[in-house]
Amino acid sequence: MSAVTDVDPEFRSEMTVELVRSAARDSDVLFAARVSTLGEQTLDDAGSDADLEKRDRGLINYLMRDRHGSPFEHNSMTFYVQAPIFVFREFMRHRIASYNEESGRYRELKPVFYVPDATRNLIQVGKPGAYDFLPGTPEQHAAVEQAVHEQSLAAYAAYQRMLEAGVAREVARIVLPLNLYSSMYVTMNARSLMNFLSLRTKHPEAAVPSFPQREIELVAEAMETHWATQMPHTHAAFTKNGRVAP
Ligand SMILES: Cc1cc2nc3c(=O)[nH]c(=O)nc-3n(C[C@H](O)[C@H](O)[C@H](O)COP(=O)(O)OP(=O)(O)OC[C@H]3O[C@@H](n4cnc5c(N)ncnc54)[C@H](O)[C@@H]3O)c2cc1C
């Protein structure tokens, strides 16, 4: 029986994270904060980030340190993300964000599957909530790769057989595995992003350590790199104050 899709199966290990739209500057924090003391329009006086003075940076740091969080909400960043479904499942637990994801009901899903690469640690040690992960042996990596390839291809073949038999996409898709890649737009402001980063990155300067799954951490790290280019002083204050979301 011929395949429904002409696309060859693809196995990949990396995540795609692009900042596709941004209205996010350090000075957005300042105009929002200063209305509380000036009591008048502060947006026009906000200036550009290039004009930021020492006292401006000090104000950002004070707001972060004392957890005055709302001035960090007057900005917006939209990311385009391609990642496996098991990453999206964790991602969408973060409710203070806006999401739109590709549909498995309206389109045929492409055979693109996640497989851990050689740098992915495989051995879990420690206790629940604070695991460490150590490198796997070559034999373990080979076992993972073989199982992922076999199961992904078998599941996708079953998906195609159902589509060829005229079964609706929303039913056929139920056999597809969690390592299938999906795509979405996610929009966050700096405050919600900081909450996400505090939980989904493991960082030496974190006052409250977190132990995220490595694959969502890869997405979080790429988002943080983009954010740091948009709001460098806010990002620096976040790290300086223990990476606690204000
Ligand atoms: C390492 C790790 C392990 C995890 N393990 C599990 C697990 O085993 N099982 C599991 O189910 N989940 C697990 N989670 C998910 C976790 O419980 C959170 O659902 C997820 O991290 C989203 O965090 P959040 O609620 O702070 O984010 P958001 O939903 O974005 O919320 C941000 C903040 O808004 C406030 N807020 C949002 N909604 C409410 C509300 N309804 N009521 C009050 N305040 C609200 C809170 O202050 C919250 O911190 C895990 C997360 C991590 C990072």
Residue that is within 14 Å of the ligand (Cβ to nearest atom) and either touching a residue at least 60 places away in the same chain (Cβ under 8 Å) or among the charged types (D, E, K, R) (or both), where the choices are Phe238, Phe196: Phe196
The one condition in (1) within 27 Å of the chain's Cα centre (by Cα); (2) at pLDDT 80 or above; (3) surrounded by 14 or more Cβ atoms within 10 Å (Cβ to Cβ) that Asp56 fails to fulfil: (1)
Per-region count, segment 215-229, residues out of contact with any strand residue (DSSP E or B) (no Cβ under 9 Å at 6 or more places or on another chain) and surrounded by fewer than 19 Cβ atoms within 10 Å (Cβ to Cβ): 1
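Considering only residues that are assigned to a loop (DSSP other than H, G, I, E, B) and farther than 15 Å from Met64 by Cβ, which ones fall in segment 204-234? Can you show your working first?
Quick first cut of segment 204-234, residues assigned to a loop (DSSP other than H, G, I, E, B) only: 204-213, 231.
If the condition is that a residue be assigned to a loop (DSSP other than H, G, I, E, B) and farther than 15 Å from Met64 by Cβ, then Pro204, Pro209, Ser210, Phe211, Pro212, Gln213 are the ones that fit.
When you go through Pro212, Pro232 one by one, which is the residue that is under 30 Å from Arg21 (Cβ atoms), within 16 Å of the ligand (Cβ to nearest atom) and surrounded by 13 or more Cβ atoms within 10 Å (Cβ to Cβ)? First the steps, then the outcome.
Numbers: Pro232 fails: within 16 Å of the ligand (Cβ to nearest atom).
The unique qualifying residue is Pro212.
Hey, among Leu193, Leu218, which residue is closer than 23 Å to Glu10 by Cα and modelled with pLDDT of 95 or more? Step through it out loud before you land on a result.
Details: Leu193 fails: closer than 23 Å to Glu10 by Cα.
After ruling out the rest, the residue left standing is Leu218.
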Subset tally (residues that are more than 18 Å from Phe72 (Cα to Cα) and modelled with pLDDT of 95 or more) for segment 20-53: 1
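Tell me which strands (runs of 3 or more DSSP E) are completely within segment 59-148 and hold 1 or more residues being among the hydroxyl-bearing types (Ser, Thr, Tyr), or say none if there are none. Before you say what the answer is, go through the steps one by one.
On the way: elements: 76-84, 98-101, 112-114, 123-127, 130-134.
Strands (runs of 3 or more DSSP E) meeting the threshold: 76-84, 98-101, 112-114, 130-134.
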Segment 84-140 - residue that is acidic (Asp, Glu) and surrounded by fewer than 16 Cβ atoms within 10 Å (Cβ to Cβ) and, of those, modelled with the lowest pLDDT: Asp132
Residue check, Ala237 exposed (fewer than 13 other Cβ atoms within 10 Å of the Cβ), small (Gly, Ala, Ser) and part of a helix (DSSP H, G or I): no
Where Ser198 falls short, out of the listed (1) crowded, with 17+ Cβ neighbours inside 10 Å; (2) more than 22 Å from Glu224 (Cβ to Cβ): (2)
Residue match in segment 167-188 (condition: more than 16 Å from the ligand (Cβ to nearest atom), in contact with a Gly (Cβ under 7 Å, 6 or more places away or on another chain) and of a type outside the set (Asp, Glu)): yes
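Would you check which residues across segment 90-139 are of a type in the set (A, V, I, L, M), touching a residue at least 12 places away in the same chain (Cβ under 8 Å) and within 25 Å of Phe196 (Cβ to Cβ) and list them? Please lay out each step first, then the result.
So the first thing to find is which residues in segment 90-139 are of a type in the set (A, V, I, L, M), and the list is 92, 96-97, 109, 112, 115, 118, 122-123, 125, 130, 134.
Those still in the list that are touching a residue at least 12 places away in the same chain (Cβ under 8 Å) too: 96-97, 109, 112, 115, 118, 122-123, 130, 134.
Answer for segment 90-139, where residues must be of a type in the set (A, V, I, L, M), touching a residue at least 12 places away in the same chain (Cβ under 8 Å) and within 25 Å of Phe196 (Cβ to Cβ): Ile96, Ala97, Val112, Ala130.
The values are calculated or read from the model by the stated rules, or taken from the named source; none is laboratory data. What you see is a predicted model; the values in this text were computed from it and never measured. A quick note on method: Cβ atoms are made from the backbone with ideal geometry, for glycine too, and the neighbour counts reach across all protein chains shown.
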